[in-house]
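The values are calculated or read from the model by the stated rules, or taken from the named source; none is laboratory data. The structure displayed is predicted, hence computed values, not measured ones. When the accessible area is computed, the model is the full protein with side chains, heavy atoms only, and any ligands, DNA or RNA have been set aside. Shrake-Rupley method; radii C 1.70, N 1.55, O 1.52, S 1.80 Å.
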Amino acid sequence: MLLLNRFGLILAKTYGEKFKSKAFLITTIIFALSIIVGTNFQTIMDSFGSDDGESGSGEGWTVAVYDEEGSVAAALEQQIHIVNQNITIENSDKELEELERQVEAGEYDALLTVSLQDSGKISANYLSESLSTNGNSADLQLSLQTIQSNLAAAKLNLSADELATLNMPVAFEQSSFLETAKSEEELNEARGLVYIMIFVIYMSVLIYSLMIATEVATEKSSRVMEILVSSVPPIQQIFAKIVGIGLLGLTQLAFWAITGFISIRFSRDSLEGGIYSLFDFSANSIETISFGIIFFLLGYFLFATLAAFLGSLVSRTEDIQQMMMPVNLLIIAGAMLAFYGLADPEANFITITSYIPFFSPLVMFTRVGMLNIPLWEPMVAIALTLAAIFIIGWFGAKVYRGGVLMYGNSSSFKDMKKALILSKKEK
């Protein structure tokens, strides 16, 4: 009971201090505001409107057309109203140099020079003040493409239906002879959800592992560890800090998730499809999210345990980044494999690495989200990762016990041997 009380005290101290820190509060609030802005970006942009007609909305956009033959401008004036009603075409009979001067003077928003070649191909040159936005120029190009197709059809005596058939894309559908295989629509939905979850797992594990290593190094530099080691078993110290930071991370992620969910619900009426379709939870998406939470916790505990005993080997917080570099590389490698797995989840090396504990939280999760694999496969990966957590925790406790008593320039992996020797002396 006494040990549990001490475990709870360390856990509460770790959680409370980090929760009340200005860095944590500011980061949480700023990211929450970013989520709100991101999910309501289109609504915010619409409320401000557009001062630049090039965006294709807002004020009208007047385009002077120089058509020496006079065979394209009239057709363009009719066609552009179908594509973009904010564009006004003015067919001018002035000289090209005069029109260019008028555009530069701001009398027109843009100048379009068109010519119809003998082959039936239309050549166009679009002149405007800025090339950074091209919404209206793209609409003009689309209209000219339609006019060119209509002229070619008339030349070949093709009807409107025959032209439509000629331009119609091939109907190409994919299916699998396995009943358990996911459809193309399910794969697209899963890919977006898995991508988001991979990013969350990757960033969370990376940030919170570093937070634990920094926490251990900070306490060690204040000599608090000498008292803790003599009163609380190292394994309890490690996991009390890990659980404390983990609860802090879950608190932060839950706040962001609730903020995003509420924000999306408010903007749902005006925005549909795309990323918003991921929040229409089906049985498959709920299963994927459930596995995402499991693998997030496994990845966190695995790398947090590594970070805790590595943090005990350094005496200065400035050395944390150097000591954590191999851990960070493992996390980055797992993320790279997972992102590759989104494109080819059935690749052999993706299947193999999904069973390696350091990669399982990201790679096996990708396979679970993208494929209908047997339940025993993720369960084996979960069991192997749990075994790795306990082994690293057991070994890490020994290194931790001696490492926190080491001071001076101890910031390399060869210091593990010294930490183990000190750990035996302290028994």
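Ranked by solvent-accessible area (1.4 Å probe, protein heavy atoms only, all chains present), the residues Ile350, Ile82 order from largest to smallest as Ile82, Ile350. Proximity of backbone amide H atoms, modeled 1.01 Å from N, is registered between Trp61 and Ile87, Thr88 at under 5 Å, excluding neighbours fewer than 5 places apart on the same chain.
Close amide H pairs (under 5 Å, H built 1.01 Å from N) link Tyr66 with Leu112, Thr113, Val114, residues at least 5 positions away or on another chain. Each residue of the stretch 371-383 was assigned a 3J(HN,Hα) from its phi angle through the Karplus curve 6.51 cos²θ - 1.76 cosθ + 1.60 (θ = phi - 60°); the sequence is 10, 8, 8, x, 4, 5, 5, x, 5, 5, 4, 5, 4 Hz, with glycine and proline shown as x. Where the alpha-carbon atoms of the stretch 282-358 are placed on the principal axes, they occupy 48, 25, 18 Å, in descending order. Our coupling estimate for the stretch 5-17, obtained by passing each phi through the Karplus curve with A = 6.51, B = -1.76, C = 1.60 and θ = phi - 60°, is 4, 5, 4, x, 5, 5, 4, 5, 5, 4, 5, x, 5 Hz, Gly and Pro reported as x.
Figure note: Met211, Met324 ranked by solvent-accessible area, largest first, 1.4 Å probe, ligands and nucleic acids not counted: Met211, Met324. Take Glu95: with every protein chain present and a 1.4 Å probe, its accessible area is about 120 Å². Taking Trp61, Trp376 and ordering them by how much accessible surface each has at a 1.4 Å probe, largest first, produces Trp376, Trp61.
Computed from backbone phi, the HN-Hα couplings of the stretch 345-360 come to x, 9, 4, 4, 6, 5, 4, 5, 5, 5, 9, 7, x, 5, 10, 3 Hz, rounded to whole numbers (Karplus: 6.51 cos²θ - 1.76 cosθ + 1.60, θ = phi - 60°; Gly and Pro given as x).
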